[in-house]
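We did not get these values from a lab; they are worked out from the coordinates using the rules stated. The model shown is predicted, which means the values in this text are computed figures rather than measured ones. Positions of Cβ are generated from backbone atoms using ideal geometry, with glycine treated the same way; all protein chains shown enter the neighbour counts.
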Amino acid sequence: MRTDIFARLDREPEPPKIETPRMSRHRIALFGGTLAFYLAIVIAVLVSSWLVTLDWKVMLFRPYQQWPGIHAFLDYYVVLGQRGPTAVMVACWLGWRSWRQHTLRPLLTLGASLLLLNVTVGAVKIGLGRLGPHYATQIGSAELFAGGDIFPSGHTANAVVTWGILAYLAATPRARRYLSAMSALVSLGVGLTTVYLGTHWLSDVVLGWAAGLLILLGLPWVEPLITRAENWIFAAREWLSARGRTGAPEPVIPRPVPVATGAAAQGPAREPAGTGGPTAVATATGSRPRAHTAPPAHPGHPARPERPPIAPAGSRRPPHADRTPRGGTAPARPVAGG
């Protein structure tokens, strides 16, 4: 019995069509405004503006020393922004959605969003090379191009994308509103937690929110590629299934053994000695000769009887002229000199 997701897709009827988000004017306007805000944050950090000064004030305030009682809780809460654990949790939920809704779109959308997140955020991290608060070397400096990798905040951007994808894939407007509020609260808390722990500057977190939101707003542009990927996966699966059916060997069906009836079922009758041996019996019954029978005679040689000839009664020694058989009288000999 098959238990994979394709077995479910084959067994169940077609689901109701789920509306795919499109790039409406409202969404395009939000995308443009978020992109402008993203660039403004980057420029403000590059020129060491008032935003960098605010970063240093928050860092020197040391929130983890001001409120040490919540430190243990926030150490666990920040895991909601780590890519590995959150991707596994959301993938399990979306895998069930794919199995339930008979489509691979939820899982493919999650994979596409995480790929975009790694490429865009990772490229900016490596390109700007900003150091974190714990590794800062000069007060008031933006700490750019120093070999770091914390700008923008990966925890914050990942929280926005991973939990926001649930709202993006919601089937009803009501569920989309609730999931949007939940993902906004989770990502907001994760970003502020990294500032509390001193692992990120405040500007890192703000840019991480913008980076994650850009990916969610731009996902409708990726929907055609997701649809093509889903169609390709199903086409490849059908091709492999058809190839497996044609290449499988045909099952061997055992042939029925004919059952002899009548006189043939009782076996061949024993023939008298010297009447042709097993050849005649095999010819009469149509069966193979038994293993103990003699092989057929070669042409040009007399056939050897099955049993040896019966020897005649009496002695096999040749008669002798000087011997007298037992029980008889000896012949009279002439008397010499008479």
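Descriptive notes on the structure:
- Taking 13 Å as the cut-off, no amide N atom of the range 145-189 comes nearer than this to a point 7 Å along the Cα-to-beta-carbon line of PHE73.
- Normalised contact order of the range 17-116, rounded percent, pairs of Cα under 8 Å and 6 or more residues apart: 9 percent
- FRET efficiency estimate (nearest 0.05) - Cβ-Cβ, GLN82 to ALA236, R0 22 angstrom: 0.10
- For the listed peptides 125-136, 39-50, 99-110, 189-200, a ranking on the average number of other beta carbons within 10 Å per residue, highest first, reads 189-200, 99-110, 125-136, 39-50.
- Phi to ³J(HN,Hα) by Karplus 6.51 cos²θ - 1.76 cosθ + 1.60 over the range 156-166, Hz, x for Gly, Pro: 5, 4, 5, 5, 4, 6, 5, 7, x, 5, 5
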